[in-house]
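A.B. asks: Got a structure for you, questions after.
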Amino acid sequence: FFDTSGFAMATMEDGEGKTDTIKIYNPTYLMKPRPGTKFLKGVVEAKMTEVLEAKVKELKYEAEEMANVCKELCTDIQNEVKKLGFERYKLVTQVVITEAQGQGQRIASRCLWDPEEDNHAIATYRNSELVCNAMVFGCFWE
């Protein structure tokens, strides 16, 4: 069924009889986000900092485990940012964890985007063992 919010709800059934309801976005032909749904850097950074403090606070650096920790952090951050309600934004989340040994670090990213509608947020968390940098890129999608 369709509604006026620009998406349809569909129900899918897997082979085991379980059903899931998903959103299917329809073209709205909007070139800008609706009022109140624009990607807000400060709000996203606050949420990212909250997630990092909760998950990384007591974490010890174990090189073999850091790839899985990065994946989990990306998923957790992305899920929390989705809850903020930025409609029609594609979110790209990246987390880099390095051992804290006094070294410098430089992270760079490039992409093609609309500077009026798209944005990014960055959060860093440090403890005695590691440095965790998280980035979320929000690109308006129509």
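The values are calculated or read from the model by the stated rules, or taken from the named source; none is laboratory data. Because the structure is predicted, anything quoted here is derived from the model rather than measured. Positions of Cβ are generated from backbone atoms using ideal geometry, with glycine treated the same way; all protein chains shown enter the neighbour counts. For the accessible areas, the whole protein counts, side chains as well, though only heavy atoms, and no ligand, DNA or RNA atoms are used. Shrake-Rupley method; radii C 1.70, N 1.55, O 1.52, S 1.80 Å.
A.B. asks: Taking into account only those residues within the range 96-119 that are touching an Asp or Glu at 6+ places or on another chain (Cβ under 9 Å) and of a type outside the set (Gly, Ala, Ser), which is nearest to Gly42 (Cα to Cα)?
C.D. replies: Here the residue is Cys111.
A.B. asks: While we're looking at this one, here's another question. Which is at pLDDT 95 or above and open to solvent by 60 Å² or more (accessible area, probe 1.4 Å), of Glu50, Glu45, Glu116, Glu65?
C.D. replies: Answer to the check: Glu50.
A.B. asks: Here's a follow-up. Check Leu130, Leu40, Leu91 and return the single one that is at pLDDT 90 or above, open to solvent by less than 40 Å² (accessible area, probe 1.4 Å) and over 11 Å from the mean Cα position of the chain (by Cα).
C.D. replies: On inspection, the qualifying residue turns out to be Leu130.
A.B. asks: Let me ask something else about it. In contact with a Leu (Cβ under 9 Å, 6 or more places away or on another chain) and of a type in the set (Asp, Glu): which single residue out of Glu45, Glu142 fits that description?
C.D. replies: Going through Glu45, Glu142 in turn, the sole match is Glu142.
A.B. asks: Look through the range 53-62, keep the residues that are aliphatic (A, V, I, L, M) and touching a residue at least 40 places away in the same chain (Cβ under 8 Å), and return whichever of them is most open to solvent (accessible area, probe 1.4 Å).
C.D. replies: Leu59
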